Amino acid sequence: MFTPEPGTPLAEYYDQTQPRTGSVLSRRNLGTLDAVSIGRYALTIGAADPVHYDAAAARSAGYADVVAPPNMLAAIVEWGIGTPEAQLQPDGTPLGGDTPLGDGDLGLRVMGAGEEMELVTPVTAGTEVVLETTLEAVTPKQTRAGTCVFVTTLHTFTSAQGAVLNRNRRTVVLRNPLQES
């Protein structure tokens, strides 16, 4: 089986991560979605249907309250303040990477490589959301750009009562740090 070149940061990450394939990485409460956040998100992405910001319209459409756009849960999983431009590498990736398990100070380059969403149950205002993240696959590959490791995680969003709301499968590709010339 192909593995990353020994002694590289990518090989170190692969050696630490691959044995954890299939394990639950984290389970955390994301909080309760409120109507204002849902409405702001909907209008920001151009989802103009009133069910996303008008409770009466949502109720007349059969929802208990305003309903989140289908991709909102996948988006809020990584909400944060972002990375200042001065801390980005020339390819636009953050220094230190943003790997599914964290990479300490390995400095790996991380970029999105795919995403699939399974929308199970509409999410309305007042829903307390719990996220469980499972490491599905860690796959080394030789590409035209060099050695890479593809990491796939499954994010399962549930209500606090355990009802599955949404499943989001994300794959990122990791590469060794840029070499200084």
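The values are calculated or read from the model by the stated rules, or taken from the named source; none is laboratory data. In this text the structure is predicted, and so the values were computed from the model without any measurement. We place every Cβ from the backbone using ideal geometry, glycine too, and count neighbours over all the protein chains shown. Just so you know, the surface numbers come from the protein's heavy atoms only, side chains and all, with ligands and any DNA or RNA stripped out. Shrake-Rupley method; radii C 1.70, N 1.55, O 1.52, S 1.80 Å.
Starting at the first residue of segment 163-168, write each ³J(HN,Hα) from the Karplus equation 6.51 cos²θ - 1.76 cosθ + 1.60 with θ = phi - 60°, in whole Hz, x for Gly and Pro.
Each residue's phi maps through the Karplus curve to give 6, 6, 9, 6, 10, 10 Hz.
Heavy atoms only, probe 1.4 angstrom, no DNA, RNA or ligands counted: give me ILE45, ILE76, ILE38 ranked by accessible area, highest first.
Largest to smallest exposure gives the sequence ILE45, ILE76, ILE38.
Once you have the Kirkwood Rh of the chain from its Cα pairs, apply Stokes-Einstein at 10 °C and 1.306 mPa s and quote D in µm²/s.
Answer from the Stokes-Einstein relation: 88 µm²/s.
Using a 1.4 angstrom probe on the protein heavy atoms only, line up LEU10, LEU30 by accessible area, largest first.
LEU30, LEU10
List, in order, the whole-Hz ³J(HN,Hα) value for each residue of segment 133-138 obtained from phi through the Karplus relation with A = 6.51, B = -1.76, C = 1.60 and θ = phi - 60°; use x for Gly and Pro.
10, 10, 7, 8, 7, 9
Among GLY22, ALA125, ALA74, flag the residue with its Cα farthest along the positive direction of the charge dipole of the chain, charges on Cβ as +1 for Lys/Arg and -1 for Asp/Glu.
In the chain, that residue is GLY22.
So with the 1.4 Å probe, I'd like the accessible area per residue for the chain, rounded to whole Å².
56 Å²
How would TYR14, TYR63 rank on accessible area, largest to smallest, probe 1.4 Å?
I get TYR63, TYR14, largest accessible area first.
Over segment 127-174, with every protein chain in place, what whole percent of the accessible area is carbon and sulfur at 1.4 Å, could you tell me?
Here carbon and sulfur together make up 49 percent of the probe-accessible area.
Using Cα atoms only, what is the angle between the long axis of helix 35-45 and the major principal axis of the chain, expressed in degrees (0 to 90) to the nearest 10?
Helix 35-45 and the main axis of the chain meet at about 60 degrees.
Extension gain GLU12-GLU132, at 0.36 nm per residue separation less the Cα-Cα distance, in nm?
40.7 nm
May I ask you to evaluate 6.51 cos²θ - 1.76 cosθ + 1.60, the Karplus curve with θ = phi - 60°, for each residue of segment 106-117 and list the ³J(HN,Hα) values in order in whole Hz, giving x for glycine and proline?
Once rounded to whole Hz, the list reads 6, x, 5, 8, 10, 9, x, 10, x, 7, 10, 10.
Considering only the other residues whose Cβ falls under 9 Å of the Cβ of GLU118, what net charge follows from Lys and Arg at +1 and Asp and Glu at -1?
Taking every other residue near GLU118 into account, the sum is +1.
Rounded to the nearest 500 deg cm²/dmol, what is the calculated helix-only ellipticity per residue at 222 nm for the chain, with -39500 (n - 2.57) per DSSP H run of length n ≥ 4?
So the helix-based figure for the chain works out to -4500 deg cm²/dmol.
Please list, ordered by chain and number, the residues whose modelled amide H lies under 5 Å from the amide H of THR147; skip anything fewer than 5 residues away on the same chain.
The answer is none.
Nearest 0.05, what FRET efficiency do PHE150 and ARG27 give at R0 = 25 Å with Cβ-Cβ as r? Can you show the working numbers first?
Working: r = 24 Å, r/R0 = 0.95.
Here the calculated transfer efficiency is 0.55.
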